Ligand code: DQQ
């Protein structure tokens with residue numbers, strides 16, 4: 001409870017204040033009316049990512065309705081065609097053959113009917129056998145009531161799915177009197193039950209209790225709310241963008257379709273918490289006969305739960321890639337600079353690199369990894385082998401474009417005997433990272449990468465591990481940090497906290513590290529203002545958004561460091577300059 005109140009007071013107050021916007025409607029984004037339709041005059045290249053997905057200009061948020069259909073990957077996303085803050089939201093639409101090179105099409109869904117005239121918000125796609133794709137999305141009517149609608153392609157034989165129709169029997173789900181009509185949104189992809197009925201979840205809350213309502217349908221048109229929500233949790237607030245899917249306990253290579261219901265599986269329920277702007281997930285058992293989901297208790301069901309990403313990552317959504325039998329996760333990273341910066345830049349928001357999702361061999365958490373297609377963008381390579389780093393030492397990685405790079409390192413810590421004692425009071429990884437940082441001397445660690453740095457550390461974003469040992473249980477506690485505290489010389493120049501650049505010390509505990517022969521790995525994708533890191537083969541992922549003033553493009557440096565007394569060896573480091581996708585950012589919206 002300590003933690004919740006702390007989050008609420010320090011971090012969330014501005015968010016909470018903005019939850020009720022000037023219409024008195026509960027929305028999930030800060031509303032800056034003044035900037036909403038201020039079209040960008042120019043698009044600033046400074047800090048603009050090169051290989052992450054972005055439209056040519058303006059604001060983006062949630063990924064919507066990702067799917068694979070007739071040889072193409074489709075990505076829709078919440079987009080403001082008129083400005084670089086949230087507002088005027090449409091479903092922009094892009095397609096790709098490889099998840100890396102994208103072609104922009106016309107927006108697929110935009111406000112046009114009484115049931116969505118005030119907003120076409122997030123949703124999902126389902127490829128219905130024999131019928132083709134169906135999109136379910138949230139529409140807002142004039143009085144801001146949120147309702148669920150469906151849209152179908154005008155021509156399902158067109159792999160591009162350019163035109164979408166909203167049939168007249170919409171909406172398919174409206175809030176009844178027991179429900180909160182302005183907190184009822186973001187339908188999931190549907191799954192098919194053995195009883196011949198489709199099922200979806202819709203996010204909501206009642207008072208402070210977050211929940212996902214379950215709906216069932218035989219024909220994908222008439223949907224009936226189940227008597228009980230699939231799952232609820234007190235004091236978690238609005239559950240946005242739920243996602244619910246199976247993972248295999250035995251197959252650690254392939255993903256499973258949403259409807260898969262064989263033996264040896266667990267289910268994942270992920271929700272995006274509007275109050276904290278973080279997501280969490282639980283693993284659990286889905287009882288199909290009763291349509292109940294019970295988390296298995298291996299991680300907290302609430303604020304302190306496991307996360308897909310411990311950094312700037314929200315409103316994520318997975319889909320099943322029928323072509324390669326993978327489950328792929330898309331997530332949105334907002335900017336961490338100010339609203340004024342975004343209107344000046346002319347753009348805001350990126351989609352992070354799509355990640356495969358699998359159950360870890362421990363069965364207690366998920367693991368994530370950038371889709372292998374990303375490797376096609378790798379250019380010039382540098383390789384370093386067996387380099388020992390003593391306490392207080394660092395070495396520089398040179399010869400590649402370090403502000404736009406993919407870096408894979410395997411560290412060997414040798415002995416763990418020097419691990420610092422862990423204080424059981426340190427329950428919050430982010431607080432611990434903020435307290436210890438990357439410079440305070442440790443035992444085993446801190447060691448890792450220093451990205452987007454100036455040589456004198458005026459600016460730097462370190463990504464690192466620090467190993468502790470709980471002396472009571474002998475258990476190792478491995479902290480992973482991506483610390484933006486010193487990422488930019490830009491001080492908090494706003495007059496009010498809400499205008500300040502956000503420079504958090506994001507962190508997570510890496511569970512179930514086996515330190516095989518002392519090894520632990522780190523992969524970091526650096527893309528000008530994105531630092532996206534995968535620790536211990538994807539057990540903890542952290543994304544930071546950073547805006548250095550000096551450590552930009554060719555003035556940026558990359559180092560490997562160790563500030564622990566235990567020497568650490570870089571067994572191997574492979575780093576590549578990353579090319580820009582050929583077809584990124586083309587086409588008009
Ligand atoms: N963004 C959408 C909502 C969703 C929120 C509106 C999450 O549907 O709840 O743009 O970022």
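Here, each number is a calculation from the coordinates, and none is a lab measurement. Just so it is clear, the model here is predicted, and its values are computed rather than measured. Neighbour counts run over all protein chains shown; Cβ positions are idealised from the backbone, glycine included.
Just a few scattered comments:
- Virtual spin-label span in nm between residue 537 and residue 163, 7 Å along Cα→Cβ: 5.0 nm
- Residue order, fewest to most surrounding Cβ atoms within 10 angstrom, among 253, 233: 253, 233
- Part-to-part distance (alpha-carbon centres) for the range 273-341 and the range 209-239, which is given in Å: 17 Å
- Full-stretch length increase - residue 261, residue 457 - with 0.36 nm per residue and alpha-carbon distance subtracted: 65.3 nm
- Across the chain, the mean sequence separation of Cα contacts (distance under 8 Å, 6 or more residues apart), normalised by length, yields a relative contact order of 15 percent.
- The order of the peptides 159-167, 427-435, 304-312 by mean Cβ neighbours within 10 Å, most packed first, is 304-312, 427-435, 159-167.
- Mean Cα-pair separation over length for the range 116-274, i.e. relative contact order, pairs under 8 Å, 6 or more apart, %: 16 percent
- Separation of the range 69-139 and the range 432-494, taken as the distance between their Cα centroids, equals 38 angstrom.
- Beta bridges by DSSP in the chain, antiparallel share as percent, to the nearest 5: 95 percent
- The calculated pair-distance distribution of the range 377-578 uses every alpha carbon pair, bins of 10 angstrom beginning at 0, and gives 9, 38, 37, 14, 3, 0 percent.
- Label-point separation, residue 434 to residue 288 (7 Å along Cα→Cβ), nm: 4.5 nm
- Remark: spin-label model distance residue 395-residue 221 equals 6.8 nm, labels positioned 7 Å along the Cα→Cβ axis.
- Residues residue 553 and residue 344, FRET efficiency given R0 of 30 Å [Cβ-Cβ distance, rounded to 0.05]: 0.95
- With contacts taken as Cα pairs under 8 Å and at least 6 residues apart, the range 148-210 reaches a relative contact order of 25 percent.
- Sorting 288, 126 from the fewest to the most surrounding beta carbons within 10 angstrom yields 288, 126.
- Mean-position separation - Cα centroids, the range 522-539 and the range 173-192, in angstrom: 35 Å
- Protection-proxy order for peptides 539-551, 470-482, 47-59, 29-41, each taking the mean of Cβ atoms within 10 Å per residue, highest first: 539-551, 47-59, 470-482, 29-41
- Among 206-218, 345-357, the peptide with the highest mean count of other Cβ atoms within 10 Å heads the list, and the full ranking is 345-357, 206-218.
- Within the chain, helix-based [θ] at 222 nm, where runs of 4 or more DSSP H residues each add -39,500 (n - 2.57), nearest 500: -1000 deg cm²/dmol
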